[in-house]
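Structure first, then comments.
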Ligand code: FES
Ligand code: FE
């Protein structure tokens, strides 16, 4: 395995890291099953019995709101019947009073306990069986699950996220647009693409209207005009009670939370810079820039004052990744959904085309690892460092 993914520092990974089924299996086992994964939104689990599902290779996790509405406990279970193993969730998402296994009709309460099992004889102890639990947390309106028996500490991430994203009110928001994509590329290709903006000027005209070409993570260039805009914006944001400091993969942790200014005249990542909906949550001033959240390995999000967009990755196989894009607005807002999704739908679809072209080349006979830019791809390097460390492999100089 180590030969398959070893690399020279500063260079992209060897082909097998993206294409080999054994590496993909290790990715699922050590990276996806070992980390907190973004599952969905508090806003879509806002009533008892509302559930969603997350796939991690062959594993499927059900996340369901228990009795008591949004204040009720959140439960996560393996979607595996305790009788003979059938899936029990009726769909990818929905609302149920209980989970009734479609095979022999064992009935599970929302908290996963077995409520009834017919024709199992007089000695059968219903209380001895349940859906196997999975660790679940929610913070600032985002829901995460972890398949590990001993999950990493979620506390520091929640403590960093809550004061920064919490004021955006995602927990009480509404998902106005949901898009699904199937991308013909390895999941790491999508993350690498997200981790650099080397490609932005050439490929993202809509995104580049509102966003500076500098200042993104991993871009070591300095630009006095951007630095002045950031300093002035931070003064305004601090006056609104928003934390002035960004959180940038602290101590090698897999998350970054950063508020960046938009270009002059832009209050939101929209085509003309004008907000499309009222400020969300407890925000009152639309001038809050764009809060970027990344949680490796499967989430990135941008939160403007008027809308937020989340991107969830689900690996399907070494060469295929499913993506779910959700646009959230204030629960009571009436919004033009085409205008709302215009920038990030276009930007995302442009990225999927780039990723598919990238992966086609990576998977071909002509691919060799190539050099990363020390100027604008430092965050790709950081991602690959994190990935290899998470696989628990020493990086090996070629
Ligand atoms: Fe679920 Fe039999 S497998 S009731
Ligand atoms: Fe992009």
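Read the figures in this text as sums done on the coordinates, not as results from a lab. These figures come from a predicted structure and were not determined experimentally. Cβ atoms come from the backbone with ideal geometry, glycine included; neighbour counts cover every protein chain shown.
Picking from 182, 236, 118, which is most flexible by a Gaussian network model of the chain using Cα springs under 10 Å? Looking only at 182, 236, 118, the biggest GNM fluctuation is shown by 118. Comparing 75, 204, 83 in a Gaussian network model of the chain, where Cα atoms under 10 Å apart are tied by springs, the biggest mean-square fluctuation is seen for 83.
When you restrict to C-alpha pairs under 8 Å that are six or more residues apart and normalise by the size of the range 204-299, the relative contact order lands at 28 percent.
Inter-part distance, the range 176-254 to the range 270-330, computed on C-alpha centroids, equals 12 Å.
Rounded to 0.05, the FRET efficiency of the residue 120 and residue 87 pair, given R0 = 25 Å and the Cβ-Cβ distance, is 0.80. For the chain, the longest principal axis of the Cα atoms and the long axis of helix 224-239 meet at an angle of about 50 degrees. Using C-alpha pairs below 8 Å separated by at least 6 residues, the relative contact order for the range 31-102 is 26 percent. What residue among 372, 291, 170 shows peak mean-square fluctuation when the chain is described by a Gaussian network model with Cα springs under 10 Å? Judging by the Gaussian network model, the answer is 372.
Label the chain by shape, choosing from rounded, prolate and oblate, from the square roots a ≥ b ≥ c of the eigenvalues of the Cα gyration tensor; if a/c is under 1.5 it is rounded, and otherwise prolate applies when a/b is larger than b/c, oblate when it is not.
Because a/c hits 1.5 or more and a/b fails to exceed b/c, the chain counts as oblate.
Between the range 49-101 and the range 336-379, what is the separation of their alpha carbon centroids in Å? For the range 49-101 versus the range 336-379, the Cα centre distance is 33 Å. Legend: calculated FRET efficiency, residue 113 to residue 223, from the Cβ-Cβ distance at R0 = 41 Å, rounded to 0.05, equals 0.10.
Rounded to the nearest 500 deg cm²/dmol, what is the calculated helix-only ellipticity per residue at 222 nm for the chain, with -39500 (n - 2.57) per DSSP H run of length n ≥ 4? Taken over the chain, the calculation gives -7500 deg cm²/dmol.
Does the range 168-397 come out rounded, prolate or oblate, given a ≥ b ≥ c as the square roots of the eigenvalues of its C-alpha gyration tensor, rounded meaning a/c under 1.5 and, failing that, prolate meaning a/b above b/c? It comes out prolate by the Cα gyration axes.
With the simple spin-label model, which puts each label point 7 Å out from Cα in the Cβ direction, the residue 317 to residue 392 separation comes to 2.8 nm.
From the Cα gyration tensor of the range 231-272, with a ≥ b ≥ c the square roots of its eigenvalues, which class applies: rounded if a/c is under 1.5, or else prolate if a/b is larger than b/c, or else oblate?
Because a/c hits 1.5 or more and a/b fails to exceed b/c, the range 231-272 counts as oblate.
Just so you know, the Rg over Rh for the range 36-139 is 0.97, from Cα atoms, with Rh as the Kirkwood radius. A full extension of the chain between residue 356 and residue 67 corresponds to an added length of 99.7 nm, given 0.36 nm per residue minus the alpha carbon distance. A Förster distance of 41 Å, applied to the separation of the beta-carbon atoms of residue 349 and residue 103, puts the FRET efficiency at 0.55. Note on residue 22 and residue 246: their simple-model spin labels are 3.9 nm apart, each label 7 Å out from Cα toward Cβ. Contact order for the range 168-397, expressed relative to its length and based on alpha carbon pairs under 8 Å spaced 6+ residues apart, stands at 31 percent. Fully extending the segment from residue 336 to residue 364, taken as 0.36 nm per residue of separation minus the present Cα-Cα distance, adds 5.8 nm.
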